[in-house]
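Worksheet: one structure, shown below.
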Amino acid sequence: RGELLLTPTLPYIFDYLKCLQDHCDPYTNPKGYIPLCMSENKLIIEHLGVRLMQIETASRAFSDSTVYCYNNTLGLPGPREAVAYFLAKHFMFPEQRDMSFREALNLIRPEHVAFGSGAASLLSQLALSLAEKGDAVLIPAPYYAAFDADLKIIAGCIAVPVHSSDPTIGPTPDDLEHAATLAEAKGLRVRLLLITNPNNPLGTIYPPELVKSAIDWARSRKMHTIVDEIYALSVHDTGFESALWTLNNDLRNDVHHVWALSKDFGASGFRIGTLYTQNQALLSAVANLNIFSGVSHPMQMIVSEILTDDHFIYSFLENSRNRIRYSYELVCSRLDEMVIPYIPAKAGIFVYADFSSLLPEQTAEGEARFSSLLLDAARIIMTPGSAQHDKKPGMFRICYCFVNPEVLEMAMQRLDRIVGKIRRRHWDNLNAESLTDIL
């Protein structure tokens, strides 16, 4: 059992850690590594940090004696109310800025809210509670590379990609049925459907009717649906509709909503995720599991203050959207100059680009050779499509919010030089001497 835990949770994690040991700085280390494989928004950390360093925020975290003691492992009462308020105001009714605290709690009941140590932990707990070891979890592909480990390491579930004719639109009921049938032919019991909206890595937003049809399909098979909306507030403009609104807040016992501070607040290091479910038995199970993976009470109090600070939240999210759009447009303009196709993103902090024309061969091995060339010659790492269950070799996710725009520009310049070298010289003529001027 211990040996099974030695498999890296991300196929590219060691390359990423290598980058961190010698990361690029425009002034002190301009030839350092530039990781564009990690979906973190570092552009907004300073804004969040300034707010968190206010004296009253730290005082709130430690002045209440309840934070020092055992309590409900789903979360303290006040912080659960804060999450309920936040979900009602920013997911269900984002246009109603004047919604009161009381009105919000009448929509989303705090007792249906739970904390967890990040979205990954909550996904693992949901799989463990709702499925058996060896059960299948359907996920529209391409999908976030770590989902495989999130569902397997503890729960022992098997992620099954759902491929569709147009992934940017999302899976139809026929696509879902086809994937389920194939899984069942392999002897798997299909138990869960996991939908990430907005989508990672595509940066697209599923239409409400598609989300509803997918949930209806799952319900027709008596399956549970997990709706992961971790990028819901990182939308470039408008167009996103939460499943909470789509379903008129009627989640019943089989739809479970997951969100976290990791992406929209650039705070993945906080390890704070939220679960909203109307399934009381599931909440009881999560309460027991949270003995091992709950969120510390001081952090709950800090988050409670932030999520109910309307003035800060609206200012922060607007600032975040502006910064995301700026970096997104920078990347897209450079990709256009390189004549590299990409999927126009409507949300998220990444863009999904097609480098297949540059591969030495249209295989997973060809994609791996291109990744190695980027790492060794350009000192860049992007998320390969093969790690995200994309059937087409050469697709890469570029996480443009992990670095500031100045470093991002340097990365795109290096990438442009690599693209030019491959097109002019072809792979057979690439060598160390020909790649000396990439950095």
- request: Test residue 412 against the stated conditions and say whether it is under 30 Å from residue 161 (Cα atoms) and outside any loop (DSSP other than H, G, I, E, B).
  value: no
- request: Sort out which residues of segment 375-403 are more than 22 Å from residue 146 (Cα to Cα) and assigned to a helix (DSSP H, G or I), and write them in order of number.
  value: 376, 377, 378
- prompt: What number of residues within segment 254-295 satisfy the criterion of being hydroxyl-bearing (Ser, Thr, Tyr) and without any contact (Cβ under 8 Å) to a residue 60 or more places away in the chain?
  reply: 1
task: Could you tell me whether any residue of segment 310-327 is at negative phi, in a helix (DSSP H, G or I), in contact with a strand residue (DSSP E or B) (Cβ under 8 Å, 6 or more places away or on another chain) and not basic (Lys, Arg)?
output: no
field: Residues of segment 113-131 satisfying the condition of being closer than 15 Å to residue 279 by Cβ and either at pLDDT below 95 or in a helix (DSSP H, G or I) (or both)
entry: 122, 125, 126, 127, 128, 129, 130
- line: Taking segment 154-212 and keeping only residues that are farther than 24 Å from residue 395 by Cα, open to solvent by 10 Å² or more (accessible area, probe 1.4 Å) and touching a residue at least 60 places away in the same chain (Cβ under 8 Å), one is left with 191
message: residue 95 - would you say it is loosely packed, with under 14 Cβ neighbours inside 10 Å and farther than 23 Å from residue 279 by Cβ?
response: yes
- request: Six or more apart or on different chains, Cβ under 7 Å: which pairs go from a residue in segment 53-70 that's touching a residue at least 24 places away in the same chain (Cβ under 8 Å) and farther than 10 Å from residue 298 by Cβ to one that's among the hydrophobic types (A, V, I, L, M, F, W, C) and open to solvent by less than 90 Å² (accessible area, probe 1.4 Å)? Could you list them?
  value: 57/302; 66/76
- prompt: So how many residues does segment 1-18 have that are farther than 11 Å from residue 145 by Cα, in contact with a strand residue (DSSP E or B) (Cβ under 9 Å, 6 or more places away or on another chain) and assigned to a loop (DSSP other than H, G, I, E, B)?
  reply: 0
Residues that are small (Gly, Ala, Ser), under 25 Å from residue 294 (Cβ atoms) and over 20 Å from the mean Cα position of the chain (by Cα), drawn from segment 87-122: 88, 104
message: The conditions are (1) free of Cβ contacts under 8 Å to residues at least 60 places away in the same chain; (2) of a type in the set (Lys, Arg); (3) open to solvent by less than 90 Å² (accessible area, probe 1.4 Å), and residue 1 fails exactly one of them. Which is it?
response: (3)
- request: Taking residue 339 as the residue in question, decide whether it is without any contact (Cβ under 8 Å) to a residue 24 or more places away in the chain and farther than 22 Å from residue 237 by Cβ.
  value: yes
message: If residue 66 satisfies all but one of (1) within 30 Å of residue 112 (Cα to Cα); (2) surrounded by 20 or more Cβ atoms within 10 Å (Cβ to Cβ), what's the number of the condition it fails?
response: (2)
task: Can you tell me which residue within segment 316-334, out of those that are among the polar types (S, T, N, Q) and without any contact (Cβ under 8 Å) to a residue 12 or more places away in the chain, is least open to solvent (accessible area, probe 1.4 Å)?
output: 333
Only one of 337, 361 that is open to solvent by 50 Å² or more (accessible area, probe 1.4 Å) and farther than 29 Å from residue 42 by Cα: 361
- request: Please work out which residue is modelled with the lowest pLDDT, limiting yourself to segment 415-438 and to residues that are among the small types (Gly, Ala, Ser) and either assigned to a helix (DSSP H, G or I) or open to solvent by less than 10 Å² (accessible area, probe 1.4 Å) (or both).
  value: 434
message: over 20 Å from the mean Cα position of the chain (by Cα), within 16 Å of residue 32 (Cα to Cα) and small (Gly, Ala, Ser): is that true of residue 364 in this structure?
response: no
- prompt: If you scan segment 376-397, which residues turn out to be touching a residue at least 60 places away in the same chain (Cβ under 8 Å) and out of contact with any helix residue (DSSP H, G or I) (no Cβ under 6 Å at 6 or more places or on another chain)?
  reply: 379, 382, 383, 385, 387, 388, 389, 390, 391, 397
message: Is it the case, given these coordinates, that residue 208 is of a type outside the set (A, V, I, L, M, F, W, C) and over 20 Å from the mean Cα position of the chain (by Cα)?
response: no
field: Output for segment 266-281, where each listed residue is open to solvent by less than 10 Å² (accessible area, probe 1.4 Å) and either over 19 Å from residue 81 (Cα atoms) or aliphatic (A, V, I, L, M) (or both)
entry: 267, 272, 275
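For the subset of segment 340-358 comprising residues that are of a type in the set (Phe, Trp, Tyr) and assigned to a strand (DSSP E or B), which member is least open to solvent (accessible area, probe 1.4 Å)? Before you say what the answer is, go through the steps one by one.
Initially, segment 340-358 is screened for residues of a type in the set (Phe, Trp, Tyr), giving 342, 350, 352, 355.
Now narrow it down to the ones that are assigned to a strand (DSSP E or B): 342, 352.
Numbers: 342: 60, 352: 2 Å².
Per the stated criteria, the residue is 352.
The values are calculated or read from the model by the stated rules, or taken from the named source; none is laboratory data. Here the structure is a predicted model, which is why all the values come from computation and not from measurement. Here Cβ is always computed from backbone atoms with ideal geometry, including for glycine, and neighbour counts include all displayed protein chains. Areas reflect the complete protein model, heavy atoms only, side chains present, ligands, DNA and RNA absent. Shrake-Rupley method; radii C 1.70, N 1.55, O 1.52, S 1.80 Å.
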